[in-house]
Amino acid sequence: MEVSLSDKSNTCLKHRIVEHSRSLGFDLVRVTTAQPFPETQVILEERIGAGLMDGLPWFTLARARVASDPRNLMPEVRSIVAVGISYLCDGEIDRSTPGEPCGRIARYAWGVDYHAVFKRRLRDLHAFIEAQLGRPVDMRALADTARITDRAVAQRAGLGWYGKNTNLLTHEYGSWVLLGELLLDVALPPDPPLKTHCGACTLCLPACPTGALVAPGVLDNRRCISFLTIEHQGVIPRDLRPLIGSWIFGCDLCQDVCPVNRQREPRNHAEFMPRPAVGSSPALIPLLRMSEAEFNQTFQGSPIRRAKWAGLRRNLCIALGNSGDPAAIPALVEALNGEPALVRGHAAWALGRLGGVEAREAMVARQAVETDEWVRGEIELALVVEHSKVDKD
Ligand code: SF4
Ligand code: SF4
């Protein structure tokens, strides 16, 4: 086949883009076309219809349609540069000791909010491409905006393959990768998708404590600890609370068990190392006692800000209730008598689970003055649980 001059120069440009992307700190770089993603659209529509995306009100059928065709975002798009950064870093997973219960945070959230990291680097990459071409280049820089389906772009570009845990798995870094895209009005030669798949492995499905992986590659968002502890702003269903364990923001369990993730060397990018003030496995009791101002200061620039002060303290109550550590009772009693109601109700649940005279007396006292109907209900149920524990003891 005859190769035109412009084909050759676009291949050279692509090589320079890949090289420059790596110098900017992207670990993975490949290119795909700007064609639509009809299969992704069908899958998203089916899952929305089945209620598996409930709790994400912005993820509508209209959004699925728009997100499945890059030209809806940028009509003149000709190709997409798909990029990835490994966020795997060294850090302690659980450093709980008696009297000091500690929690778990999904690894991607140990460091700074990656959206800002991607946006900055993608803008730098765009400036490089404009300088190479000597003309203005139209672009859209995206990172987890849900305005495009990151995983579908990355899969078609050959960055990795869809795992049965719904993550994108890469040969180089397993699923410990964050994804972004640069839409360009430049036609670059596309890379082919990988032919790899999970094979007979199904380890991640039974590893999910809440049964959120309802079939290979199918996630019931409503049961996923990641959704419950981050996006979900309200009450966490009682039957799911014990299954959340010590997770206070996100969950990595279906990635921890994945053989593709084993023996992947941490990249230890500075941005994703644990924040010194919080660490990878923070002590739960001091965090529960944090004021809103302290929360905002401690988590400035962190993805954990997404859970908000009330949401994080709700999660902390659940993790403390699951810790079985009576050292948590005084802080939970303070939460039971503080604001907002969302935290009071989950503190009552945790106190019922931990049990003991101090917990019982605090709940009885609160019951006498509590005006929020839902919190009163939680206290009543917690007292029943606590009472049955006493009977068993
Ligand atoms: S992130 Fe956790 S809760 Fe969600 S599917 Fe994976 S193991 Fe299950
Ligand atoms: S645990 Fe096995 S089935 Fe699940 S994503 Fe990893 S390789 Fe695929």
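A short reminder: the numbers here are calculations on the coordinates, not readings from a lab. Keep in mind that this is a model prediction, so the values were computed, not measured. So basically every Cβ, Gly included, is an ideal-geometry build from the backbone, and we count neighbours across all protein chains shown.
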If packing is taken as the mean number of other Cβ atoms within 10 Å per residue, what is the order of 236-242, 165-171, highest first?
165-171, 236-242
Give, to the nearest whole percent, the P(r) tail of the chain beyond 31 angstrom, counting all Cα pairs.
44 percent
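Given Cα pairs under 8 Å that are at least 6 residues apart, what percent is the relative contact order of segment 203-319?
Working: 103 pairs, mean separation 38.1, N = 117.
Value for segment 203-319: 33 percent.
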Taking Cα atoms, how many degrees apart are the long axis of helix 357-369 and the longest axis of the chain, rounded to 10 and kept between 0 and 90?
90 degrees
Rounded to the nearest 10 degrees, the helix 114-133 long axis (Cα) sits at an angle to the longest Cα principal axis of the chain of 10 degrees
For the pair S388 and Q35, the simple spin-label estimate (label points 7 Å beyond Cα toward Cβ) gives in nm 5.6 nm
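How high is the relative contact order of segment 304-384, in percent, with contacts defined as C-alpha pairs under 8 Å that are six or more residues apart?
Values: 97 pairs, mean separation 24.0, N = 81.
Reported as a whole number, the value is 30 percent.
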Cut-off 10 angstrom, C-alpha nodes, Gaussian network model of the chain. Which of A277, A67, A382 fluctuates the most?
A277
Cut-off is 10 Å between beta-carbons; in what order do I329, I93, I248 appear when sorted fewest neighbours first?
I93, I329, I248
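Filter the GluC sites (Glu not before Pro) in segment 1-68 to those in DSSP coil with at most 12 other Cβ atoms within 10 Å of their Cβ, and list the result. Present the calculation step by step, with values, prior to reporting the outcome.
On the way: sites: E2, E19, E39, E45, E46; in loops: E2.
Listed in order of number, the matching sites are E2.
Stokes-Einstein D for segment 97-156 at 4 °C, 1.567 mPa s, Kirkwood Rh over Cα pairs, in µm²/s?
88 µm²/s
Please work out how many pairs of lysine residues in the chain are eight or more positions apart (or on different chains) and have Cα atoms closer than 25 angstrom. Let's see the in-between values first.
Details: K14/K119; K14/K195; K119/K308; K164/K195.
So the count works out to 4.
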Amide H proximity to T149 below 5 Å, modelled H, separation 5+ or other chain, gives none
Value of relative contact order over the chain, rounded to a whole percent, pairs C-alpha under 8 Å and six or more apart:
19 percent
Of segment 185-201, those with amide N under 11 Å from the point 7 Å along the Cα→Cβ vector of H171 are 194-196
Run a plain Debye calculation on segment 304-384 (Cα atoms as equal point scatterers, no solvent) and give log10 I(q)/I(0) at q = 0.27 Å⁻¹, rounded to two decimals, same order as the q list.
-1.32
Roughly how far apart, in whole Å, are the Cα centres of segment 17-59 and segment 159-211?
10 Å
Against the globular-protein guess of 2.2 N^0.38 Å, express the Cα radius of gyration of segment 151-245 as a ratio, rounded to two decimals.
1.32
For segment 282-312 and segment 88-116, compute the distance between their C-alpha centroids and round to whole Å.
13 Å
Per the Kirkwood definition applied to all pairs of different Cα atoms, how many angstroms is the hydrodynamic radius of segment 1-135?
18.8 Å
Helix 308-323: inclination vs the chain longest Cα principal axis, degrees, rounded to 10, gives 60 degrees
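For K308 and S9, what is the calculated FRET efficiency with R₀ set at 56 Å and r taken between the beta-carbons, to the nearest 0.05?
Working: r = 50 Å, r/R0 = 0.89.
According to the calculation, E is roughly 0.65.
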